[in-house]
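Report on the structure given below.
What follows is calculated from the coordinates using simple rules that are stated; it is not laboratory data. Please read these numbers as outputs of a predicted model, since none were measured by experiment. For neighbour counting, all protein chains shown are included, and Cβ atoms are generated from backbone atoms with ideal geometry for every residue, glycine included.
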Amino acid sequence: MFEKVLTQHIQIPESRDIDYYMKHGGYQAFRKVLKEMDPDQVIEVVKESNLRGRGGAGFPTGVKWGFVPKNDDKPHYLLVNADESEPGTFKDRLLMDGNPHLVIEGAMIASYAIRANLSYIYIRGEFVKEARILEAAIQQAYDKGLLGKNILGSGYDLDMYVHRGAGAYICGEETGLIESLEGKRGWPRIKPPFPAIEGFLQSPTIVNNVETLACVPFIVERGARWFKSIGPESSPGPKLYCLSGHINKPGVYELPMGTNLKELIYEYGGGILDGKALKAVIPGGSSVPVLRPDEIDVAMDFDSLAKIGTMLGSAGTIVMHEDTCMVDALLNLIHFYRHESCGQCTPCREGTNWAERILKKIEHGQASEKDVDLLEEVANHINFRTICPLGDAAAMPIQSFLKKFRDEFNAHVAQHKCPLNSRL
Ligand SMILES: Cc1cc2nc3c(=O)[nH]c(=O)nc-3n(C[C@H](O)[C@H](O)[C@H](O)COP(=O)(O)O)c2cc1C
C-alpha cells in the first residue's frame, strides 16, 4: 500500500504550524544531519536515493549537489525554485500552502549539504498567500532556533528569506531566476559556467524545485533504500501529478513515480468529462510533446516518457476531449510562450510571434497549405537555437501537434474555417 508522505497533512490547517509539524516528526531529519552527518554524507545518501529533480529536467539531485566546490573560499547559496509557472502545473503551490515546513526543512538540509549559509525561496509573484505562509513558517523556525546562528549548538549558521518574483515565467529558468534575484532583468545566462560553479553573485549556487526539496527530509529519515523502493529504480520516489483539462476529478495526486498515465486519467481522475472520448494528453506541462489516445498506456516517469518521445517535465497532465480544436489549443499555448519570451534570443522572440500569427490565420480559416508548412519551419528554426529552453518549450508543442494532428490543421485550410467552431 502506497503511503502518501508529501501531501498527507495538507488538508489540515494546523499543518502550517511548526508545533504540529514537529509533533509529526518534523525537523527530525534536519536534527539528524546536524548531529550525525557531515555534508558529504548527506550528498551521498541523496545520490544513492536516485532522487531526480522535479522542476522539469529530471537531473539527479545528489549529483548536482556534488558539483559544488568543497574547499573554496566563496559563499555558497541554495535557491528554492518556487516560481511554478508552467501551464498545467500547480503542485508546488499545494506543498507551500499545506506543508510549508517540509519545504523549508528540505531547503535546510540541502543548504547544509552544499555548505551554504544563505538560502532564498524565490516564489512566483502571484503566490501572495503562499509567500506569507512561508514567511510565517520561516519566522517560527527562527523562533525555535532552527535557523540563524549556531543552530542547535551545531556551529552551523543558516539564514533563509522569501523573495517574491514579479510573475515572469522566464524567472523559473534557473539562471533567469538568479539574474532576477540579483536585481536584474530575468535574462537566462549562457551555460557553462553552471550555477553550481558560478551562480548567484558569481558564487556556487544550487537551484532546486520545491517538490524535489520536499522529498529530502524523508530520504534522510527513512534512507535511500526506502525511497528507491517506490516506483522505478532509475527515477524513484513519491510524485505529485497535476491533472487538469477535460477530466472529471482534476487535482494534484500523490502517487508512486511511474504510475500509468491511463490509470491516472481513468481511475484517479475519474475519466473524461461528460463521458466524451479522449483526443489528446499533454503529460508534463504545456511545453512537452502531446500524446494521442493510443499512446497513453505508459508509465509516468522520466525514462518511460522519453522513450515514447515526450517528457515528464513538471508532471502537469492536461487532458483534452474530442471537442477540442487542436489548432485553437496550440494557439492558446503559443500565445503564452510569445508573451513570456524574454526577448533575448531572436529565434524565440521572433519565432513565437510568427507562430502565433500563423496559428491565428489557420484557426480563422484564412491560411493556405503553405502556412502550415511555414509554421513547422518556424518551429524548426527555434528549436535548439536559444540560450535557454523556453524556445524549445514553444517549438516542441508546435512540432508534436503538427506531427500527430496535421489533418486537423489541413481541414482548417481546406474548409476556410474551424471545423469545430471553437472560436468563430
Ligand atoms: C522557461 C523555464 C521555466 C522554468 N520554470 C521552472 C519553475 O517554475 N520551477 C522549477 O522548479 N523549475 C523551472 N524550470 C527548470 C529550472 O531551470 C531548473 O531546472 C530547476 O529549478 C532545477 O531544480 P530541480 O533539479 O530540483 O528540478 C524552468 C525552466 C525553463 C527553461
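Let's test the formula: R0 of 35 Å, r as the Cβ-Cβ distance of A277 and S234. What FRET efficiency results, to the nearest 0.05?
Values: r = 34 Å, r/R0 = 0.96.
The formula returns an efficiency of 0.55 here.
Considering amide H positions built from the backbone, and no H for Pro or chain starts, which residues 5 or more places from N260, or on another chain, come under 5 Å of its amide H?
Amide H neighbours of N260: M300.
Over region 13-228, what is the percentage of antiparallel beta bridges among all DSSP beta bridges, to the nearest 5? Intermediate results must be reported in sequence, preceding the final value.
Values: 2 of 19 bridges.
Around 10 percent antiparallel, to the nearest 5.
Pairs of alpha-carbon atoms within less than 8 angstrom and 6+ residues apart define the contacts here; what relative contact order does the chain have, in percent? Display every interim value, and only then the final one.
On the way: 878 pairs, mean separation 65.2, N = 424.
Result for the chain is 15 percent.
Using unit Cβ charges (K, R positive; D, E negative) and no other charged atoms, how large, in debye to the nearest 20, is the dipole of the chain about its Cα centre?
Numbers: 47 positive and 55 negative charges, 47 e Å.
That gives a dipole near 220 debye.
Roughly how many nanometres apart are two label points built 7 Å out from the Cα toward the Cβ at R292 and D17?
Here the modelled spin labels are 5.5 nm apart.
Which far-off residues, 5 or more places away or on another chain, put their amide H under 5 Å from the one on G245, with H placed in the peptide plane?
V319
Please work out the FRET efficiency for the pair W226 and D38, using the Cβ-Cβ distance as r and a Förster radius of 30 Å; give the result to the nearest 0.05. Let's see the in-between values first.
Working: r = 22 Å, r/R0 = 0.72.
Once rounded, the FRET efficiency stands at 0.90.
Place +1 on the Cβ of every Lys and Arg and -1 on the Cβ of every Asp and Glu in the chain, take the dipole about the Cα centre, and give the residue among G186, I308, P39 whose Cα lies farthest towards its positive end.
Value: G186.
List the residues whose amide H sits under 5 Å from the amide H of T205, counting only those 5 or more places along or on another chain, with H placed 1.01 Å from N in the peptide plane.
Amide H neighbours of T205: Y77, A196, I197, E198, G199, F200.
In sequence order, what are the phi-derived ³J(HN,Hα) couplings for region 253-264 according to the Karplus relation 6.51 cos²θ - 1.76 cosθ + 1.60 with θ = phi - 60°, rounded to whole Hz, with x for glycine and proline?
10, 8, 9, x, 3, x, 4, 5, 5, 4, 5, 4
Using a basic spin-label model with each label point 7 Å from the Cα along Cα→Cβ, how many nm lie between I190 and R349?
Label at I190, label at R349, 1.6 nm between them.
Which residue, S85, I170, V327, has the largest displacement toward the positive end of the dipole of the chain when charges sit on each Cβ (Lys, Arg +1; Asp, Glu -1)?
I170
Enumerate the calculated ³J(HN,Hα) couplings along region 126-133 in order (Karplus 6.51 cos²θ - 1.76 cosθ + 1.60, θ = phi - 60°), each rounded to whole Hz, writing x wherever the residue is Gly or Pro.
6, 7, 5, 4, 5, 5, 5, 4
Enter the Cα centre distance for the pair region 30-45 and region 190-247, rounded to the nearest angstrom.
Distance between centres, Cα-based: 17 Å.
Quick one: of the DSSP bridges fully inside region 66-174, what percent are antiparallel, nearest 5? Please report the intermediate quantities before stating the final value.
Working: 1 of 13 bridges.
Antiparallel bridges: around 10 percent, rounded to the nearest 5.
With a cut-off of 8 Å between alpha carbons and a minimum separation of six or more residues, what is the relative contact order of region 66-189 in percent? Working shown, then result.
Working: 192 pairs, mean separation 32.5, N = 124.
Taking the mean separation of contacting Cα pairs over the length of region 66-189, I get 26 percent.
Put +1 on the Cβ of every Lys and Arg and -1 on every Asp and Glu Cβ in the chain; which of I109, W226, F59 then has its Cα farthest towards the positive end of the dipole?
It is I109.
Which lysines have a Cα less than 20 Å from the Cα of K228, not counting those fewer than 8 places away in the same chain?
Within the straight-line limit of under 20 Å, K228 reaches these lysines: K4, K47, K64, K239.
Rounded to the nearest 0.05, what FRET efficiency do Y268 and A411 have when you use their Cβ-Cβ distance and R0 = 25 Å?
Working: r = 33 Å, r/R0 = 1.34.
The computed FRET efficiency comes out at 0.15.
Of all DSSP beta bridges located in region 198-325, what percent are antiparallel, nearest 5?
Values: 13 of 17 bridges.
Given both bridge residues lie in region 198-325, the antiparallel proportion sits at roughly 75 percent.
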